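Beneath this line is the structure, given in structure tokens, with notes to follow.
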């Protein structure tokens, strides 16, 4: 008799999801599905809107990573206008994205994942949050809060507000940084670096404690995809697409993001509004690939900054596990924060960030535009087709969390297989399924363009749909 | 001898301005900001986040201003005590928790108030219902009477 475990909803991720775990007649886990049950329809209702409005509209997809949508959207807009944006505009957009990566990674690590790590996966869920973290490690909690604040301050300084800033536009940006803002940002960097280095040291010391989780949190070979600079350096704004496998071998390289459809298929499954992208040459579902910080660390040859280069080298020295376990997303996130801080510091000495030449203006010169950038959770694509008036005829948003969908399903199945050996849901399994899932920092608002709130429910169902065991939280 | 001074007040107006009356908190904060009162600082947010704990710890008085759906009164101001009675909280927190976090991590919990204004229309869109606008004006008078006079 086949049985099914349902976790509904999953907590401490951005959005609303449900997980079904299928058991076979022997009570062994057979498969896992990650369902996203909400739909918002951005791709459809954007049709007919001017491409110049798309940044403002699509930024509303998500309150956590609106900046990522802004950047991918205006890059698509640049293509439609067929303009080369001023150097100052590219640098300022890069600065904005570095602030976004910093604040989002800080939220994910310090507010969402650190409580699991410091308090233990089996500690009381009511205390496994930033307040529990504050009691366990006051300095780390305070530093984490300030780190996220720092990223948000950069966004606010450039965009005028932390959430949904309307500062970037097709052709460039709407203004430079002021000297006062630059000096403020520069002055805060040393403290932010100290917090990040402390967290990295702490995290690296926990690998032995969490060996079981390292081995079971999505520990399998797959492809990894992300943007990389022409010389192989870590990239977050420009560059070309690269696919590597878990052995570090380059599978496909130097792919202009405008050719993404040649390499990425988008499968739709009936049980979820979340699409399941895959690497086309390997087909579905064998073309499973992962995106995001772990992918970017693995596929780039260097981070391009001294401290982060050293950390990346150490990461890669950890052997095969470093390129297979999704537990290392947490590790990679911290290395990326360090890299962002170093790059921000370097940019503060660049006079272009104060330049008054920050925008190119033009009308519609091409009817198609594809913008790609690295969002905190992975590569983000905005693909627009417009008419001669610049009105959107077709819109496709390919989101990082969707690209991790197949890997998240496999991660949940792996954790469940490790912890479930019978008809009961063992204590601890639920926490680890959630935490394993959370390693990807999934953003369901983005990936389905959906939103929601959630407590947690797990159901064990037999083949007839009868609930034989249920656990509820929240 | 140090001279006594009037307490500084931080106004945090929060809510989603694209959900009509849910934006009454930001609306009130904007009005108060326009007064340019030397003791008032304002902050507008979609929701309460842990990053607010530090600025809260740096003020003498904090007033959280929020919309509410169900209420027997049109507007209400009540004192808030530090409290961590409910987790988890990641990018959304309650006033009690933020005041507690300010004390725990940054060493000071100011006197804290929550001013709530009953809303009528929380549908998608911008701008407040006329009735809610009227309540906002009255709520500002209450706040000013309690804290600025």
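Of note:
- P(r) tail fraction, segment A:245-380 - alpha-carbon pairs more than 26 Å apart, %: 40
- For the pair residue A:220 and residue A:302, a Förster radius of 35 Å applied to the C-beta separation gives a FRET efficiency near 0.85, rounded to the nearest 0.05.
- Expressed as a whole percent, the proportion of Cα-Cα pairs in segment A:97-185 lying more than 23 Å apart is 37%.
- Taking every alpha-carbon pair in segment A:187-255 and binning the separations at 10 Å intervals from zero gives 17, 25, 34, 23, 1 percent.
- Within 10 Å of the Cβ of each residue in B:50-57, the mean number of Cβ atoms contributed by other protein chains is 5.
- Per-residue shielding of A:142-151, expressed as the average number of other chain Cβ atoms within 10 Å of the residue Cβ, stands at 4.
- Average beta-carbon neighbours from other chains, 10 Å sphere, peptide A:128-141: 4
- Here the contact order of chain A, divided by its residue count and restricted to Cα pairs under 8 Å and six or more residues apart, works out to 28 percent.
- Modelled label reach - residue A:211, point 7 Å along Cα→Cβ, segment A:105-137 residues with backbone N closer than 11 Å: none
- Working note: Cα atoms of segment A:193-298, range along each principal axis, descending, whole Å: 42, 37, 27.
- Approximate spin-label separation residue B:129-residue B:54, in nm, with each point projected 7 Å along Cα-to-Cβ: 3.9
- Peptide packing for A:348-357, A:331-340 was compared via the average number of neighbouring C-beta atoms within 10 Å per residue; ordered from the highest value, the list is A:331-340, A:348-357.
- Label-to-label distance, nm, for residues given as residue A:198 and residue A:43 (7 Å Cα→Cβ offset): 4.4
- Tilt relative to chain B, helix B:24-34 - C-alpha long axis, 0 to 90 degrees, to 10: 60
- Against chain A, whose longest principal axis comes from its Cα atoms, helix A:405-419 is set at around 30 degrees.
- Whole-number percent relative contact order across segment A:159-313, with pairs defined as alpha carbons under 8 Å at least 6 apart: 18
- Estimated D of segment A:348-398 in µm² per second, where Rh is the Kirkwood radius over Cα pairs and Stokes-Einstein applies at 10 °C, 1.306 mPa s: 117
- Fraction of beta bridges assigned by DSSP in the protein assembly as shown that are antiparallel (%, nearest 5): 70
- Using R0 = 41 Å, the C-beta based FRET efficiency linking residue A:365 and residue B:43 works out to 0.45.
- Rounded, prolate or oblate (a/c below 1.5 giving rounded, otherwise prolate when a/b exceeds b/c) for segment A:261-338 by Cα gyration tensor: prolate
- Computed on segment A:59-113, the Cα convex hull volume stands at 68 Å³ per residue.
- Taking all pairs of distinct alpha-carbon atoms in segment A:240-305, Kirkwood radius in angstrom: 13.0
- The label point for residue A:282 and the one for residue A:314, both projected 7 Å from the Cα toward the Cβ, are 3.0 nm apart.
- Over chain B, the alpha carbon radius of gyration divided by the compact-protein estimate 2.2 N^0.38 Å works out to 1.02.
- P(r) for the protein assembly as shown, from all Cα pairs and a bin width of 10 Å, is 3, 16, 26, 27, 18, 7, 1, 0, 0 %, short bins first.
- For segment A:17-124: rounded, prolate or oblate by the Cα gyration tensor [a/c cutoff 1.5]: oblate
- Segment B:88-149: C-alpha gyration tensor shape, a/c 1.5 cut-off, then a/b vs b/c: oblate
- Tilt relative to chain A, helix A:306-316 - C-alpha long axis, 0 to 90 degrees, to 10: 30
Any read-out appearing in this document is the output of simple, stated calculations on the displayed coordinates, not a laboratory observation. Not measured: the values here are computed from a predicted model. Please note: Cβ atoms are built from the backbone with ideal geometry, for glycine as well, and neighbour counts cover all protein chains shown.
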